[in-house]
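Novice: Handing you this structure, nothing more for now.
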Number of protein chains: 2
Amino acid sequence: MCIYYTNNRNMTSQSQQYEFAALATDVVIFTVCEEQLHVLLVQMNKKPFTGMWALPGGLVKPNEDADTAAKRQLLEKTGVSNAYLEQLYTFSRVDRDPFGRVVSVAYYALLPKKTKVATMPDYADIQWVPVTAVMSLAYDHRDILQTAIVRLKSKLAYTNIVYSLLPKEFTLSEMQSVYELILDTVLDKRNFRKKILAQGMIKKTGKKQTAGANRPAELYTFIKRSVQEVAML
Amino acid sequence: MCIYYTNNRNMTSQSQQYEFAALATDVVIFTVCEEQLHVLLVQMNKKPFTGMWALPGGLVKPNEDADTAAKRQLLEKTGVSNAYLEQLYTFSRVDRDPFGRVVSVAYYALLPKKTKVATMPDYADIQWVPVTAVMSLAYDHRDILQTAIVRLKSKLAYTNIVYSLLPKEFTLSEMQSVYELILDTVLDKRNFRKKILAQGMIKKTGKKQTAGANRPAELYTFIKRSVQEVAML
DNA sequence: ATAGTATGTGTATATATTACACTAATAATC
DNA sequence: GATTATTAGTGTAATATATACACATACTAT
């Protein structure tokens with residue numbers, strides 16, 4: 001790494017115009033609601049993507065690392081600062097941005113429910129969209145989204161990150177439903193409960209779900225809300 | 001992403017000096033030999049890291065994406081062009097390079113055996129080093145190596161990438177030994193063979209290992225040399 | 001011929017996964 | 001207040017998977 005770098009120590013981009021790329025982050029923000037996996041999209045109001053939808057994102061600032069920039073994006077768009085956020089993949093196709101060389105460090109975030117999002121002045125619109133309803137997106141954001149969905153599926157199966165998609169207190173049916181939606185499977189209720197409870201990662205709160213014209217469900221909570229590598233399914 | 005970008009369309013780095021980072025790749029190149037996991041390191045001959053060891057890497061060229069740059073690094077350092085190569089993580093700490101803002105997209109590669117490496121004119125030395133013997137490294141390369149080791153361990157366990165660390169034809173003892181070394185476990189020979197053979201991913205070649213003052217081992221080969229997600233252990 | 005060394009193999013036990021159907025608790029309706 | 005509709009909650013038997021464990025085999029070197 002050093003060798004190329006020292007050959008180009010003056011950091012102007014005049015003669016070596018593309019040696020230095022613009023660095024951006026794009027964040028795939030997921031949530032589950034109404035029995036569907038949703039992703040937060042913004043509608044662009046700048047050429048050449050006017051009217052098109054894209055993932056929220058932006059350039060990394062001089063004093064930021066990519067993690068910080070992604071966290072900032074998440075906060076600006078959702079007001080949430082403590083969500084699960086993980087680096088996904090870096091997309092660097094030379095022609096991925098029509099304006100020039102922009103490399104994007106993509107992240108994905110998981111929110112416990114459809115957070116109310118304020119329309120930003122910089123965008124035409126901002127909305128939660130069911131992932132099944134997402135059509136074409138600006139840039140290579142379709143690829144980024146696809147990569148995020150694959151990652152989410154695999155992480156759900158072998159870690160406990162489901163906690164980040166659930167509210168603090170939740171029912172076992174809600175939890176099972178999250179797995180079924182995202183993994184696109186049907187699970188046996190008794191076997192699911194047996195397995196999840198055997199993990200020892202959740203406990204009863206003692207409380208029960210209030211509303212509902214049927215038997216009220218026990219509310220559970222995660223003992224630790226931190227990521228652990230465990231075969232959940 | 002678009003909003004910031006369009007505000008800074010002129011791609012000179014004069015006024016917004018660090019908005020545009022230098023983009024580099026560093027490659028953690030692994031191989032197994034002499035019953036140890038080895039990593040390829042280069043010794044630097046430029047200040048301020050003169051004499052220090054580092055991961056092979058370099059700046060991404062204008063017409064390259066990060067994958068291409070990593071592949072080139074691997075080829076330049078080892079002469080190998082068909083190894084397993086996977087993006088690992090992007091390291092972007094603001095002060096990770098003493099010369100300025102350099103963001104590194106790290107990769108890791110797996111080679112079937114200790115490939116002979118030619119000393120490069122740009123480096124003081126280049127060597128295979130057992131990972132247990134690696135002390136401090138230049139930049140944040142210690143972190144990168146650590147991240148790569150963690151990734152390698154987990155990928156070994158739930159995919160078949162072990163094929164990329166083995167020669168075309170190999171014995172079951174060799175294969176078991178790779179798992180034992182990297183995962184730092186002891187495995188039961190009969191159970192290991194039962195499980196691996198049950199996967200149906202390898203087959204006998206019919207040939208036997210020649211040399212050795214003992215019973216010659218059957219040689220096996222992978223039916224497909226491509227990555228599949230399978231619980232191997 | 002013998003000694004040394006790594007290869008190759010099977011079975012019994014324990015654990016984990018799967019398949020499967022009814023009762024319980026509540027709200028809404030009559 | 002009895003009935004209906006709806007989701008919650010529970011156990012067992014069968015199958016599949018994982019584990020623990022010891023000796024005969026095929027070769028080289030002496």
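The values are calculated or read from the model by the stated rules, or taken from the named source; none is laboratory data. Treat the numbers as computed from the prediction; the structure is a model and nothing was measured. Cβ sites come from the backbone with ideal geometry, for glycine too, and all protein chains shown count toward neighbours. Side chains included, ligands, DNA and RNA excluded: accessible areas come from the protein's heavy atoms. Shrake-Rupley method; radii C 1.70, N 1.55, O 1.52, S 1.80 Å.
Novice: For segment A:205-216: of the residues being more than 10 Å from DNA strand C (Cβ to nearest atom) and surrounded by 12 or more Cβ atoms within 10 Å (Cβ to Cβ), which is nearest to the other protein chains (Cβ to nearest Cβ)? Give the derivation first.
Specialist: Going residue by residue through segment A:205-216, those that are more than 10 Å from DNA strand C (Cβ to nearest atom) are A:205-207.
Subsequent filtering for residues that are surrounded by 12 or more Cβ atoms within 10 Å (Cβ to Cβ) retains A:205, A:207.
Numbers: A:Thr205: 33, A:Lys207: 37 Å.
Among those that are more than 10 Å from DNA strand C (Cβ to nearest atom) and surrounded by 12 or more Cβ atoms within 10 Å (Cβ to Cβ), it is A:Thr205.
Novice: Could you tell me whether any residue of segment A:185-194 is within 14 Å of DNA strand D (Cβ to nearest atom) and of a type in the set (Phe, Trp, Tyr)?
Specialist: Yes, segment A:185-194 has at least one match.
Novice: Going through segment A:163-184 one residue at a time, which ones are away from DNA strand D (no atom under 11 Å from the Cβ), among the charged types (D, E, K, R) and within 17 Å of A:Ala217 (Cα to Cα)?
Specialist: Taking segment A:163-184 first, the residues away from DNA strand D (no atom under 11 Å from the Cβ) are A:163-169, A:178-184.
Next, only the ones that are among the charged types (D, E, K, R) stay: A:168-169, A:180, A:184.
Matches in segment A:163-184: A:Lys168, A:Glu169.
Novice: Is it the case that A:Ser104 is open to solvent by less than 50 Å² (accessible area, probe 1.4 Å), closer than 18 Å to A:Ala66 by Cβ and in contact with a Gly (Cβ under 8 Å, 6 or more places away or on another chain)? Reasoning before the result, please.
Specialist: Working: open to solvent by less than 50 Å² (accessible area, probe 1.4 Å): yes; closer than 18 Å to A:Ala66 by Cβ: yes; in contact with a Gly (Cβ under 8 Å, 6 or more places away or on another chain): yes.
Taking the combined requirement at face value, the residue satisfies it.
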